[in-house]
Amino acid sequence: MLNVEGKTALVTGGSLGIGKAVVEVFTAHKVKTYFSYNRHQEEAETLGNATGAVGIQADLANALGWKTLAEEFQAKSPTLDYLVHNAGIWTHFPIGTSDFSVWKETMALNLDAVGYLTNALVPMMNAGGAIVMVGSTAGRRGEAVHAHYAATKAAMAGLAKSWAAELGPRGIRTNVVAPGWVDTPMSAEEFAKPGRKEQIAATIPLRRIPPPEDIAFPVLFLVSDWARHVNGTTLDVNGGAVLIGG
C-alpha cells in the first residue's frame, strides 16, 4: 500500500510543470496538498479549483517570500508529512561574461529557499514523513553555460545525504529525483526551436521527452511507504540520459 491517504503535503512551485503534476498526483491519491506559486495566479486558481489543493502566493527568490510561505502554511495546517522542493529556474550563465545577479537569483530560489523552508518546517513534520527535492541531470554531470543551475542541483545530493543521517532517527526520509528534459513550460523556449525537440529526444536512450507526470509518480513513490527504506539517495528519472550526455 502507498499509505498516503490523509497525509499533508507542501509542494513549492506547484502551479506549472512538474510541480503541477505532483499536486495533481498527490490530490488524486487523497493527500491534502498545499502549493506555492509566484506569478501564475490564474493557473494556481485553476489548479486549486480542479484538485482541491490550496495555493499560497510567495516569491521564493527572496527571503521575505521564504518567510511568507512558511508562516502562511503554518497558519493553514498544524502538521506536515511531505515537503517537495520543486520551485526553481533554469537560466544561462556563460562564465566570464554574465551578470552576477543571475547567479544570485538562481542560488536564492533553487537552493537557499530549500534550506530555509526545510529548517522552518521540519519541526512540524511527522515521523514517517518525507522530503523530496527535484534535482536534475545537470547536477549529476554538469552543464555548460548553466554552471550555477548545475551547482544548485548537485548540492541537493549533499543535502539529501546529510538530512537523511540527521532526520532519519526521527523517521523522516530525504531523497532527490533527478529528471532530464521534461515537456514543461521551462523547456518550451528551447523546444520551440526548429528540430530541437527531436534532436534532444535522440540523445535519450528511451528516445522520448517525458510529460511531467513521469516525474510526479516517482515523487509519489518516494514519499510513500513503498519507499520507506529509501533514504539519502538520488533517483534518476531521465530515460537513461545521464549515462551518455547530451
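Rule-based calculations on the coordinates, nothing more; no lab input. Bear in mind that the values here come from a model prediction, so they are computed numbers and not experimental data. Cβ sites come from the backbone with ideal geometry, for glycine too, and all protein chains shown count toward neighbours.
Tabulated results
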{"quantity": "Normalised convex hull volume, the chain, alpha-carbon set, Å³ per residue", "calculated": "122"}
{"quantity": "Long-range HN-HN contacts of V54 with modeled amide H, under 5 Å", "calculated": "T33, Y34, F35"}
{"quantity": "DSSP H segments from the chain that extend 24 Å or more along their own axis, Cα-based, with Kyte-Doolittle mean of 1.6 or above", "calculated": "none"}
{"quantity": "The range 132-173: translational diffusion in µm²/s, Stokes-Einstein, Kirkwood Rh over Cα pairs, 10 °C, 1.306 mPa s", "calculated": "146"}
{"quantity": "Theoretical ellipticity at 222 nm over the chain - DSSP helices of four or more residues, -39500 (n - 2.57) apiece, nearest 500", "calculated": "-12500 deg cm²/dmol"}
{"quantity": "Percent RCO, i.e. relative contact order, over the chain, from Cα pairs under 8 Å lying at least 6 residues apart", "calculated": "21"}
{"quantity": "Pairs of lysine residues in the range 8-243 - Cα separation under 27 Å, sequence separation of 8 or more or cross-chain", "calculated": "21"}
{"quantity": "Residue order, fewest to most surrounding Cβ atoms within 10 angstrom, among T233, T152", "calculated": "T233, T152"}
